[in-house]
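Derivation of every value follows stated rules applied to the coordinates shown; laboratory data play no part. A quick note: this is a predicted structure, and the numbers were derived from the prediction, not measured. For neighbour counting, all protein chains shown are included, and Cβ atoms are generated from backbone atoms with ideal geometry for every residue, glycine included.
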Amino acid sequence: MTAPWRRFVLPVAFALATLLAWEAAVRIFAIREVLLPAPSAVVARLIETFPLLMQHAWPTVWESVAGFVIASVLGVALAALLSASALMRDMLYPNVVLFQLIPKIALAPLFIVWLGIGFQSRLTFSVFISFFPVVIATLAGLDHVDRSLLRLCRALTASSWQVFAWVRLPHALPYVFSGMKIATTFAIIGVVVGEFITSQAGLGYLVLFASAQADTALILAAILVLCFFGLAFYGLVALLERWTQRRFGH
């Protein structure tokens with residue numbers, strides 16, 4: 001089996017084996033559906049409630065995408081500023097690292113207090129928790145540039161902006177996309193946590209509603225939709241990364 005097929009077949013085979021074992025365990029041990037529904041029951045509930053799931057998926061999707069885009073733009077911009085200015089780096093970077101260490105989920109209620117129960121609080125919290133991986137990864141990439149290239153740029157009297165646009169940023173792109181891939185997950189988490197607290201729509205709200213009704217199959221169906229969305233989101237970022245690698249040759 002070739003390496004590309006191996007990377008695809010083995011995870012899929014393991015996932016299918018896990019689902020089969022789950023289905024068999026539920027049937028053999030007669031586990032009640034309220035405790036752990038079989039995968040077949042989850043799929044049936046997914047099909048049954050598909051319109052409802054799509055209705056609640058829309059606010060979660062657009063808020064997650066918006067939070068990710070804003071966090072990525074702000075993160076790259078701040079990393080560029082920290083890379084260009086030693087003063088700003090010494091002043092801000094330790095605080096960025098400090099905020100990264102804070103358990104940010106615990107801060108979610110504060111965003112509700114500050115911004116209310118509308119989408120603004122969920123969007124802002126999503127930006128907040130997905131912002132830091134982009135900053136840290138991008139800054140690492142901007143610093144990890146071949147010094148001989150920088151000396152060559154200085155010898156050619158290139159401006160700071162030209163060095164950034166044509167040398168630092170293209171070489172930092174693998175790091176930027178590593179941070180963005182992490183941010184895709186964090187952006188979704190931020191929105192879902194906000195939906196747990198305040199929203200009356202969204203997949204997070206639907207999970208909370210289903211748990212109050214002891215509808216475990218619906219909970220897992222909503223989580224399955226979140227997983228599909230997360231994989232698609234991650235895949236789009238990975239495709240964008242491959243395109244930029246071909247475009248810039250790094």
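If you count, for each residue, the other Cβ atoms within 10 Å and average over each peptide, how do 26-34, 50-58, 213-221 line up from highest to lowest?
Output ranking for 26-34, 50-58, 213-221: 213-221, 50-58, 26-34.
At 7 Å along the Cα-to-beta-carbon direction for both Ile223 and Gln100, put a label point, then send me their distance in nm to one decimal.
2.9 nm
Leu107 to Thr124: extension gain in nm, 0.36 nm per residue of separation minus the Cα-Cα distance?
Extra length available between Leu107 and Thr124 comes to 5.0 nm.
At a Förster radius of 22 Å, what calculated FRET efficiency corresponds to the Cβ-Cβ distance of Leu240 and Val73, to the nearest 0.05?
Result of the calculation: an efficiency of 0.95.
For the chain, what does -39500 (n - 2.57) per DSSP helix run (n ≥ 4), summed and divided by total residues, give at 222 nm, in deg cm²/dmol to the nearest 500?
Computed ellipticity for the chain at 222 nm equals -28000 deg cm²/dmol.
How much length is gained if the chain between Val43 and Ala30 is pulled fully straight, taking 0.36 nm per residue apart and subtracting their Cα-Cα distance, in nm to one decimal?
Extra length available between Val43 and Ala30 comes to 2.8 nm.
Calculate, for Met88 and Gln55, the FRET efficiency according to 1/(1 + (r/R0)^6) with r their C-beta to C-beta distance and R0 41 Å; round to the nearest 0.05.
Calculated transfer efficiency: 0.35.
By how many degrees, between 0 and 90 and to the nearest 10, does the Cα long axis of helix 169-197 differ from the longest principal axis of the chain?
So the inclination is approximately 40 degrees.
As I understand it, the value is the acute angle between the Cα axis of helix 216-248 and the longest principal axis of the Cα atoms of the chain; what does it come to in degrees, rounded to 10?
20 degrees
When the chain is treated as a GNM, springs tying every alpha-carbon pair under 10 Å, which of Ile182, Ile136, Ile105 comes out with the largest mean-square fluctuation?
Ile105
Could you give the radius of gyration (one decimal) and Dmax (whole number) of the Cα atoms in the chain, in Å?
Using the Cα atoms of the chain, the pair Rg, Dmax is 22.1, 75 Å.
Provide Tyr205, Tyr234 in ascending order of the number of other Cβ atoms located within 10 Å of each residue's Cβ, fewest first.
By the 10 Å Cβ count, ascending: Tyr234, Tyr205.
Using Cβ counts within 10 Å as a stand-in for footprinting exposure, how do Ser85, Ser72 rank, fewest first?
Ser85, Ser72
Rounded to whole Hz and in sequence order, give me ³J(HN,Hα) for the stretch 29-39 from the Karplus expression 6.51 cos²θ - 1.76 cosθ + 1.60, θ = phi - 60°, writing x for Gly and Pro.
8, 6, 6, 5, 5, 5, 8, 7, x, 5, x
Of Leu107, Pro59, Leu231, whose Cα points farthest to the positive end of the dipole of the stretch 41-248 (charges on the beta-carbon: +1 Lys, Arg; -1 Asp, Glu; origin at the Cα centre)?
So the residue we want is Leu231.
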